[in-house]
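The values are calculated or read from the model by the stated rules, or taken from the named source; none is laboratory data. Please read these numbers as outputs of a predicted model, since none were measured by experiment. Here the Cβ positions follow ideal geometry from the backbone for every residue, glycine too, while neighbour counts run over all protein chains shown. Side chains are part of the model used for accessible areas, which takes the heavy atoms of the whole protein and leaves out ligands, DNA and RNA. Shrake-Rupley method; radii C 1.70, N 1.55, O 1.52, S 1.80 Å.
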Amino acid sequence: LLASLSITIASWCYYYFSTPLIESVLKMKTIYLTSLFLHASTAFQPSGLQQKVVQKSSRCNNALKSHDDMSDNIDRRSFLSSGAILASSVLLTGAPPSAFAEDNQAAAIYAYRSGGLPSLRPIGLTKLTTRYEGYVEAPKSYAKSGIPISFEFPSDWLQLDKLGGGIQYVDQRNGDKLYILKATLPADTNLKTVAKSWFAEVILSPEGDVARSGVVAEGGRISRSLMTTDCTAEDAPSPCIGRRRMILKYDTVTGSGVQTVERRGLIDAYQIDNDVYMMVTSSNAIKFEQKGSRERETVENICQSFKVGPAALS
């Protein structure tokens, strides 16, 4: 898909701008424009990502300069090659891959999809609920490249960020959301011993994918925390994957930047090696706290259905 798009863009430019004068200008300016565009595209990205993209840009520049020294004219094939390099670099830097995001271990990022497209299967007689089954990227120390996950959610929720590889859905009627995130635990901690404040910090971190999706949050804190599966207990199942459930309280800043809206997040977390995989839902605080609230029942059902590891395949 990337190669096809690159060639299409380059072909269009070639046929519509292939006069001798334009070819000469393109020959002299290709390297400059490539570097300028790549630097501009990362103006609002984390500094670590900027450095990696600058390195990619430098390698791209060197390749183009080498090509320029070897040729006196820009023919159709070389023009298409240069266009492919430019389009590929821009598209790859537009949505940072998980390898870049993983450099910041103090933030929760998307658990990126792995192993192809997931299975989305309506269940029940009314088909109002959909079951998601798929794989996400495993920790580097894990024996396999992907970890199976599954969960159930309302069928009319809209998927966001399809091309980016993250898993995020929204209820278009009230703005409730779900995210599948992961974060690396601090040294010498596990899912049970890590401070509950750590979850609020990594989920709402400005460097995390919740903030990158457009959420401006204030005052995050965990109000309730419970180990629903404690692998250190005597009656723990074997094999055992630790599981923890929490409630997150925070405020979101409105578009005007003046008013804030209280939100509630429900977190269901599993530990795989030294990483935590989380289902995080977000709801309006008033509706979430109402007794018998349909909104709260919905997000509780989503979190309860969340499975990570072999149990997700059953």
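Matching residues to (1) free of Cβ contacts under 8 Å to residues at least 24 places away in the same chain; (2) part of a loop (DSSP other than H, G, I, E, B); (3) open to solvent by less than 60 Å² (accessible area, probe 1.4 Å):
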{"position": "LYS182", "(1), (2), (3)": "no, no, yes"}
{"position": "TRP198", "(1), (2), (3)": "yes, no, yes"}
{"position": "VAL202", "(1), (2), (3)": "no, no, yes"}
{"position": "VAL215", "(1), (2), (3)": "no, yes, yes"}
{"position": "ARG224", "(1), (2), (3)": "yes, no, no"}
{"position": "THR232", "(1), (2), (3)": "no, yes, no"}
{"position": "ARG244", "(1), (2), (3)": "no, no, yes"}
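Scan GLY219, GLY255 and give me the residue that is of a type in the set (Gly, Ala, Ser), loosely packed, with under 14 Cβ neighbours inside 10 Å and assigned to a loop (DSSP other than H, G, I, E, B).
From the options GLY219, GLY255, the qualifying one is GLY255.
In the list THR281, THR228, which residue meets the criterion of being over 18 Å from LYS182 (Cβ atoms) and among the β-branched types (Val, Ile, Thr)? If you could, list the steps in order and put the result at the bottom.
Numbers: THR281 fails: over 18 Å from LYS182 (Cβ atoms).
That would be THR228, the only listed residue that is over 18 Å from LYS182 (Cβ atoms) and among the β-branched types (Val, Ile, Thr).
What are the residue pairs meeting all of these: first residue in the stretch 124-142, first residue open to solvent by 70 Å² or more (accessible area, probe 1.4 Å), second residue at pLDDT below 90, Cβ atoms under 6 Å, and 6 or more apart or on different chains?
Pairs that qualify, where the first residue is open to solvent by 70 Å² or more (accessible area, probe 1.4 Å) and the partner is at pLDDT below 90, are TYR135/GLY115.
For the stretch 258-302, name all the residues that are over 21 Å from SER213 (Cβ atoms), open to solvent by 20 Å² or more (accessible area, probe 1.4 Å), outside any helix (DSSP H, G or I) and polar (S, T, N, Q).
Once the filter is applied, which keeps residues that are over 21 Å from SER213 (Cβ atoms), open to solvent by 20 Å² or more (accessible area, probe 1.4 Å), outside any helix (DSSP H, G or I) and polar (S, T, N, Q), the stretch 258-302 yields GLN271, ASN274, GLN290.
Is there a residue in the stretch 145-152 that is at pLDDT 95 or above and part of a loop (DSSP other than H, G, I, E, B)?
Taking every residue of the stretch 145-152 in turn, none turns out to be at pLDDT 95 or above and part of a loop (DSSP other than H, G, I, E, B).
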